[in-house]
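In what follows, a single structure is set out as structure tokens and then discussed.
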Amino acid sequence: MKRILLFLTVCLLAGCGSGKVATKTAVKPDPSCKVFLAGDSTCAPRKEKDRPKWGWGEKLEALLDGYIVVNKAVGGRSTKSYIDEGRWDKLIAEVGKGDVVMIQFGHNDEKKKSPDKYTAPYGEFYGNLCRFIDEVKAKDAVPVILTSLSRRQFDKDGVLKHTHGEYPAAAKKAAADKGVALLDIEQLSYAWLSALGEKESVSRFMVSVDGEDNTHFVELGAQEAAEITAKALKESGEPYLAGLVK
């Protein structure tokens, strides 16, 4: 584990978090600040009947300095279906001044065979992220864009694959164009899983009678993914975000 944390620290300092080096002193948000999570199944809360499946969002609050996490992530959703089902409208209605809204989509936006979910990376996906950012800003809250977590898919030579195509780059562009924080969780989780290797990393993911899941976490994977995300907040170079973390 020390080996992994060292690797991630080097990666963050090289610019894999928000693209900034943490040189500013953290600023503690007001104790009433809430952290909202909008995303898919990799982040979403689970019921006891779903165990041992966990979302990383379930583990984030314990890593923050007393701030409440409101986890609105839902399995199987893309930016499109999250909007179409009215979930975004319900989330933004709850957001108050000074709150933080962390937004992580992509896994399901990629599904071309599901027209209710699919969005083109530099089309509707980019546009939806920009909409989310604008509406969070309109509430005097703080939007944060996260790229998708890496899937555990290794090639025949044992090298981890990048499976998200242009979606991480499109998310980065939305954040850059709107001037908001970007946590490159895809790259950070790629480094994490690569450091673990093909054999050791399997213990972080669900395994069913049909075989390895490679996308959804068991508790250990969710915990470590949350730690990666909290560290990215801390090292983001944004004092307000850094102040959220213990």
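The values are calculated or read from the model by the stated rules, or taken from the named source; none is laboratory data. Everything numeric here is computed off the predicted structure, so don't read it as measured data. All Cβ positions, even for glycine, are placed from backbone atoms using ideal geometry, and neighbour counts span all protein chains on display. Side chains are part of the model used for accessible areas, which takes the heavy atoms of the whole protein and leaves out ligands, DNA and RNA. Shrake-Rupley method; radii C 1.70, N 1.55, O 1.52, S 1.80 Å.
In the range 60-95, of all residues being closer than 25 Å to residue 234 by Cβ and touching an Asp or Glu at 6+ places or on another chain (Cβ under 8 Å), the one that is most open to solvent (accessible area, probe 1.4 Å) corresponds to 68.
Only one residue in 212, 198, 219 is without any contact (Cβ under 8 Å) to a residue 60 or more places away in the chain, open to solvent by 60 Å² or more (accessible area, probe 1.4 Å) and not small (Gly, Ala, Ser). Which one? None of the others qualify; the one that does is 198. Scanning the range 152-168 for residues that are under 14 Å from residue 120 (Cβ atoms), in a loop (DSSP other than H, G, I, E, B) and in contact with an Asp or Glu (Cβ under 7 Å, 6 or more places away or on another chain) turns up 164, 165. Do we find that residue 221 is assigned to a loop (DSSP other than H, G, I, E, B), of a type in the set (Gly, Ala, Ser) and farther than 29 Å from residue 27 by Cα in this structure? Answer is no for this residue.
Residue by residue, here is whether (1) surrounded by fewer than 24 Cβ atoms within 10 Å (Cβ to Cβ); (2) more than 20 Å from residue 237 (Cα to Cα) holds:
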residue: 143; (1), (2): no, no
residue: 146; (1), (2): no, no
residue: 151; (1), (2): yes, yes
residue: 154; (1), (2): yes, yes
residue: 160; (1), (2): yes, yes
residue: 175; (1), (2): no, no
residue: 178; (1), (2): yes, no
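Criterion first (assigned to a helix (DSSP H, G or I) and surrounded by 23 or more Cβ atoms within 10 Å (Cβ to Cβ)) does residue 171 satisfy it? Considered against the rule, which asks whether it is assigned to a helix (DSSP H, G or I) and surrounded by 23 or more Cβ atoms within 10 Å (Cβ to Cβ), residue 171 comes out as yes. Residues in the range 96-129 that are of a type in the set (Phe, Trp, Tyr) and surrounded by 15 or more Cβ atoms within 10 Å (Cβ to Cβ): 105, 118, 125, 126. Taking the numbered list (1) touching a residue at least 60 places away in the same chain (Cβ under 8 Å); (2) of a type in the set (A, V, I, L, M, F, W, C); (3) open to solvent by less than 40 Å² (accessible area, probe 1.4 Å) in turn, residue 136 passes all entries but (1).
Here residue 60 qualifies as touching a helix residue (DSSP H, G or I) at 6+ places or on another chain (Cβ under 6 Å), more than 19 Å from residue 170 (Cβ to Cβ) and of a type in the set (A, V, I, L, M). For the range 24-59, filtered to residues that are at pLDDT 95 or above and of a type in the set (Ser, Thr, Tyr), the residue that is most open to solvent (accessible area, probe 1.4 Å) is 32. Only residues that are in a helix (DSSP H, G or I), open to solvent by 20 Å² or more (accessible area, probe 1.4 Å) and within 22 Å of residue 144 (Cβ to Cβ) were counted across the range 180-195, and they come to 2.
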